[in-house]
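Novice: This is the structure I want to talk about, given as structure tokens.
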Amino acid sequence: MAIITDNFLAFLAIVAFWFWDIFAQETDFTTQPRPLWKHWVVPLAVLAFWAPMSVPYSPMNPPDFSPIYLFINGAGLAYCMTTPVFLAILTFYHPRINVAVLRVTSLEGVLIGLINMYMNFFTDFTLYWWNGILHVPLITISTYGLILSLKVTDMNR
């Protein structure tokens, strides 16, 4: 068993930011009308959460779009599959969110996404291509979240 120390420390920092937001209460999740275009992240977040890959999990498994995988996959335990869902929710409520939480989570998502894109598409494409496709939501939504977090917004809401 091994641990990737830099990922572990980065994930701890992200957890600290999310807990800080619980106490800072800068994120406002009240229902408000939002433009329809903001929902473009939904199909990607669903793909990440669904993670349609045969169980038991192996990155070499082909796509398997059985609806049962919405309930029995291991996506809830993987940073790469849950982060797009959390970031999609934050982008819906932008700018009424804790921008630091969005920025830190998105930045780590971009970094992890880039590493996974390289590993899946450039090490052995024929074996890992579907695992690479499943990481597209991470890199896409994380990049979008990072761009949103860097835009100057009215902090007074």
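The values are calculated or read from the model by the stated rules, or taken from the named source; none is laboratory data. What you see is a predicted model, and the numbers here were worked out from it, not measured in a lab. As a convention, Cβ positions derive from the backbone with ideal geometry for all residues, glycine included, and neighbour counts pool all protein chains shown.
Novice: Please indicate, with yes or no, whether at least one residue in region 65-80 is without any contact (Cβ under 8 Å) to a residue 12 or more places away in the chain, more than 16 Å from the chain's Cα centre (by Cα) and part of a helix (DSSP H, G or I).
Specialist: Yes.
Novice: Would you point out which residue out of A48, A2, A13 is at pLDDT 90 or above and out of contact with any Asp or Glu (no Cβ under 9 Å at 6 or more places or on another chain)? Quick ask: steps written out before the conclusion?
Specialist: Details: A2 fails: at pLDDT 90 or above; A13 fails: out of contact with any Asp or Glu (no Cβ under 9 Å at 6 or more places or on another chain).
Result: A48 is the single residue among A48, A2, A13 that is at pLDDT 90 or above and out of contact with any Asp or Glu (no Cβ under 9 Å at 6 or more places or on another chain).
Novice: So V136 passes all but one of these: (1) touching a helix residue (DSSP H, G or I) at 6+ places or on another chain (Cβ under 9 Å); (2) modelled with pLDDT under 95; (3) farther than 12 Å from T83 by Cβ. Which condition number does it fail?
Specialist: With (1) touching a helix residue (DSSP H, G or I) at 6+ places or on another chain (Cβ under 9 Å); (2) modelled with pLDDT under 95; (3) farther than 12 Å from T83 by Cβ applied to V136, the lone miss is (2).
Novice: May I ask you to list the residues in region 14-44 that are surrounded by 10 or more Cβ atoms within 10 Å (Cβ to Cβ), of a type outside the set (K, R) and part of a loop (DSSP other than H, G, I, E, B)?
Specialist: E26, T27, D28, F29
Results for (1) buried (at least 20 other Cβ atoms within 10 Å of the Cβ); (2) within 11 Å of the chain's Cα centre (by Cα); (3) in a helix (DSSP H, G or I), shown as yes or no for each residue.
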{"position": "L87", "(1), (2), (3)": "yes, yes, yes"}
{"position": "P95", "(1), (2), (3)": "no, no, no"}
{"position": "T105", "(1), (2), (3)": "yes, yes, yes"}
{"position": "F121", "(1), (2), (3)": "no, no, yes"}
{"position": "W129", "(1), (2), (3)": "no, no, yes"}
{"position": "L138", "(1), (2), (3)": "yes, yes, yes"}
{"position": "T143", "(1), (2), (3)": "no, yes, yes"}
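Novice: For region 1-13, give me each residue that is over 16 Å from F86 (Cβ atoms) and surrounded by 13 or more Cβ atoms within 10 Å (Cβ to Cβ).
Specialist: Listed by number, the list holds a single entry, N7.
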